[in-house]
Amino acid sequence: ALTPLPVTFRTQTKVVTIDARKTAVVVVDMQNDFCHADGWLAQEVGVDVRGARDPVEPLNACLPELRAGGIPVIWVNWGNRRDLLNVG
């Protein structure tokens, strides 16, 4: 059994304690199609994606620290088939 590794930090609304040995970071849909002005969501759907880039800098700052601490980082990306049958 793994020895717990509690980590406590303050959020905007409360103090949170997690067990770093049972923790992973899941990053969902941080890809150009959703977060860039030239991406699919902005160009094809017409969505204003400016706010979607807000997490990029904080993620770039904290993910190396998390990885160095042994916390897995899992990236989940969405993709389209060439025939677009999975869209809609």
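The values are calculated or read from the model by the stated rules, or taken from the named source; none is laboratory data. Bear in mind that the values here come from a model prediction, so they are computed numbers and not experimental data. All Cβ positions, glycine included, derive from the backbone under ideal geometry; neighbour counts span all protein chains shown. Just so you know, the surface numbers come from the protein's heavy atoms only, side chains and all, with ligands and any DNA or RNA stripped out. Shrake-Rupley method; radii C 1.70, N 1.55, O 1.52, S 1.80 Å.
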Q) At a Förster distance of 30 Å, what's the computed FRET efficiency of residue 26 paired with residue 5, Cβ-Cβ distance as r, to 0.05? A) 0.95
Q) What is the antiparallel percent of DSSP beta bridges lying wholly in the chain, to the nearest 5? A) 55 percent
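Run lengths n ≥ 4 of DSSP H only: what is the helix-derived mean residue ellipticity at 222 nm for the chain, with -39500 (n - 2.57) per run over all residues, to the nearest 500?
Per the formula, -5500 deg cm²/dmol.
Please list the equivalent ellipsoid semi-axes of the chain, computed as the square roots of five times the alpha-carbon gyration tensor eigenvalues, in descending order and whole angstrom. Numbers along the way, then the final one.
Details: eigenvalues 215, 55, 24 Å².
Calculated on Cα positions only, the semi-axes equal 33, 17, 11 Å.
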Q) Between residue 82 and residue 13, what is the label-to-label distance in nm when each label sits 7 Å out along the Cα-to-Cβ direction? A) 4.6 nm
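Can you send over the carbon and sulfur percentage of the accessible area for the chain, probe radius 1.4 Å, protein chains only?
On the way: 3760 of 6940 Å².
Summing carbon and sulfur atoms, their accessible area is 54 percent of the total for the chain.
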Q | Inter-label distance, nm, simple model (7 Å from Cα along the C-beta direction), residue 68/residue 45 | A | 3.6 nm
**Q.** Accessible surface, the chain, averaged per residue in Å² (probe 1.4 Å)
**A.** 79 Å²
